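**Q** Could you have a look at this structure, given as structure tokens, before my questions?
The values are calculated or read from the model by the stated rules, or taken from the named source; none is laboratory data. Every value quoted in this text rests on a predicted model; they were computed, and no experiment measured them. All Cβ positions, even for glycine, are placed from backbone atoms using ideal geometry, and neighbour counts span all protein chains on display. Side chains included, ligands, DNA and RNA excluded: accessible areas come from the protein's heavy atoms. Shrake-Rupley method; radii C 1.70, N 1.55, O 1.52, S 1.80 Å.
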Amino acid sequence: MRLYFFNTDLKIIKLNYMYSKAKKIIIPMLICFAVTMQAQQKEIGEKCRYTKTTSGYLMVLREGDNVISSVENLAKEEKIPSANFTGIGFAQEATFGFYDFNEKKFNPKTFNKVEMGNLTGSIAWSEGKPSIHIHGVATDEKFDAYGGHILALKVGTGSMEIYITLNQEKLERKIEQPLNANVLQLPCLK
């Protein structure tokens, strides 16, 4: 917006000059402020992926988050001895694996843009690292359902909620033969 006073040419030149200088300062400041606010909101959103509850934790993951990595990071950060969890939400990509007992490996199959009707899993430890075991059921837009062992899971549009219930005792997983399977080890009661 320019202001014009017609009583002298000098005043018009001064006001145009001041407006031009103010515009060069104020607009970059507003842009900088907006970018800073957006970055701070994003940082707060990235940091706040879980909260403590009376029985464990509640995670709310966002689009693009890797579910398995997020649960592993929570287990490390919070030093979770062992836990079980359930979850629901949208998946951009869900990779299920069916175990081939002859080949001793999972045969993967990936589904895109599905809703996780159920996630059920456990957190234990193996060789000093979190060991996550998840099974689930996913449905597509035709309501066809797919389920089994989850090898990879990425959150889609919306969110994914995971409810984690802590166990008191630290549990371990170990590879057992002849299946080459990573099996949860229980401490025997005496």
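**Q** Report the residue count in the stretch 62-73 for those that are in contact with a Phe, Trp or Tyr (Cβ under 9 Å, 6 or more places away or on another chain) and surrounded by 21 or more Cβ atoms within 10 Å (Cβ to Cβ). If you could, list the steps in order and put the result at the bottom.
**A** Of the residues in the stretch 62-73, the ones in contact with a Phe, Trp or Tyr (Cβ under 9 Å, 6 or more places away or on another chain) are 63, 70-71.
Those still in the list that are surrounded by 21 or more Cβ atoms within 10 Å (Cβ to Cβ) too: 71.
Here the count works out to 1.
**Q** Something else about it: Sort out which residues of the stretch 108-151 are of a type outside the set (Gly, Ala, Ser) and closer than 16 Å to residue 84 by Cβ, and write them in order of number. First the steps, then the outcome.
**A** The initial filter retains those residues of the stretch 108-151 that are of a type outside the set (Gly, Ala, Ser), namely 108-116, 118-120, 123, 125, 127, 129-130, 132-135, 137, 139-144, 146, 149-151.
Answer for the stretch 108-151, where residues must be of a type outside the set (Gly, Ala, Ser) and closer than 16 Å to residue 84 by Cβ: 118, 119, 120, 123, 125, 130, 132, 133, 134, 135, 149, 150.
**Q** For the stretch 114-135, state whether one or more residues are under 17 Å from the mean Cα position of the chain (by Cα), in a strand (DSSP E or B), at pLDDT 95 or above and surrounded by fewer than 16 Cβ atoms within 10 Å (Cβ to Cβ).
**A** Yes, some residue in the stretch 114-135 is under 17 Å from the mean Cα position of the chain (by Cα), in a strand (DSSP E or B), at pLDDT 95 or above and surrounded by fewer than 16 Cβ atoms within 10 Å (Cβ to Cβ).
**Q** Of these, 111, 90, 143, which one is in contact (Cβ under 8 Å) with a residue 40 or more places away in the chain and either assigned to a strand (DSSP E or B) or open to solvent by 80 Å² or more (accessible area, probe 1.4 Å) (or both)? Outline the logic, then answer.
**A** Working: 111 fails: in contact (Cβ under 8 Å) with a residue 40 or more places away in the chain; 143 fails: in contact (Cβ under 8 Å) with a residue 40 or more places away in the chain.
Testing whether each residue is in contact (Cβ under 8 Å) with a residue 40 or more places away in the chain and either assigned to a strand (DSSP E or B) or open to solvent by 80 Å² or more (accessible area, probe 1.4 Å) (or both) leaves just 90.
**Q** In the stretch 151-160, what count of residues is obtained for those that are surrounded by 15 or more Cβ atoms within 10 Å (Cβ to Cβ) and out of contact with any helix residue (DSSP H, G or I) (no Cβ under 8 Å at 6 or more places or on another chain)? So that I can check it myself, show each step before the final result.
**A** Step one: filter the stretch 151-160 for residues surrounded by 15 or more Cβ atoms within 10 Å (Cβ to Cβ), giving 151-156, 159-160.
Of the ones still in play, those that are also out of contact with any helix residue (DSSP H, G or I) (no Cβ under 8 Å at 6 or more places or on another chain) are 151, 156, 159.
Within the stretch 151-160, residues that are surrounded by 15 or more Cβ atoms within 10 Å (Cβ to Cβ) and out of contact with any helix residue (DSSP H, G or I) (no Cβ under 8 Å at 6 or more places or on another chain) number 3.
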